[in-house]
Amino acid sequence: MWLRHDRRLGSDGELSVVASTNVWGSIAQAVAGDRIEVESLISEPTADPHSYEASPLDAAAISDASLVVYNGGGYDHFVDDILESVGGDVPTVEAFALFESGEHSDLHAGHDHGTSTDAPASEAPAEDEATHDHAGDDHAGHDHSGVNEHVWYDLATADAVAHAVAEQLSELDPDAPGCIAPMPPLSMRACTAFPM
């Protein structure tokens, strides 16, 4: 599951959000507003998350984070490796899982990711592929049946990530104030400082 709940504060008593890339970091920062500083581990446009080697500081940032926002789907596998090594108690928002599920977005209605079981039998994924759990796979030679893991290009997924980040931050800091400012264009309902 892409959402895990646990109230985690940094050593300074503040919430900390770590994103794998600046794309997801920008979305998390837009939701968090001025209340929380979001750290993006990969901010260089020339860096390739597929082959990124996390430093010990990256691993510490992820393991100490109140919330980790990442792409998933094999794109930034170093995050999965670190999360697995720290025992899985770090709350996360995984964009690829949201993309595959179609949850958390107002924009997903009627949107097909190629995993619908309503397709004719010749087009529907095989039973083992439709139910295959991608968590922990090394993805070497792995096929997502034509689904592109670069899900930041999907507006509905970006919207879903914003909603999931807001949900997580609201649970981590239930005393957060209400909606402060609109956050177009992700969603007409989206706003900063968590509530959505």
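Details
For every residue, the table says whether it meets (1) at negative phi; (2) aliphatic (A, V, I, L, M); (3) more than 10 Å from the chain's Cα centre (by Cα).
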| site | (1), (2), (3) |
| --- | --- |
| His50 | yes, no, yes |
| Ala59 | yes, yes, yes |
| Val86 | yes, yes, yes |
| Thr92 | yes, no, no |
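- For region 127-135, the criterion of being at pLDDT below 50 and small (Gly, Ala, Ser) is met by at least one residue.
- Search result, residues across region 73-99 that are assigned to a helix (DSSP H, G or I) and among the aromatic types (Phe, Trp, Tyr): Phe78, Phe96, Phe99
- Every residue from region 60-106 that is among the small types (Gly, Ala, Ser) and within 20 Å of Ser26 (Cα to Cα): Ala61, Ala65, Ser66, Gly72, Gly73, Ala95, Ala97, Ser105
- Test: Ala32 is of a type outside the set (D, E, K, R), assigned to a helix (DSSP H, G or I), modelled with pLDDT of 95 or more and within 21 Å of Pro91 (Cα to Cα): no
- Residues that are closer than 21 Å to Ala162 by Cβ, without any contact (Cβ under 8 Å) to a residue 40 or more places away in the chain and of a type in the set (A, V, I, L, M, F, W, C), drawn from region 22-71: Val38, Leu41, Ile42
- When region 35-53 is filtered for residues that are part of a loop (DSSP other than H, G, I, E, B) and either surrounded by fewer than 19 Cβ atoms within 10 Å (Cβ to Cβ) or touching a His at 6+ places or on another chain (Cβ under 9 Å) (or both), the ones remaining, listed by number, are Glu37, Ser43, Glu44, Pro45, Thr46, Ala47, Asp48, Pro49, His50, Ser51, Tyr52, Glu53.
The values are calculated or read from the model by the stated rules, or taken from the named source; none is laboratory data. The structure presented is a predicted model; accordingly, all values stated were derived computationally and were not measured. Neighbour counts run over all protein chains shown; Cβ positions are idealised from the backbone, glycine included.
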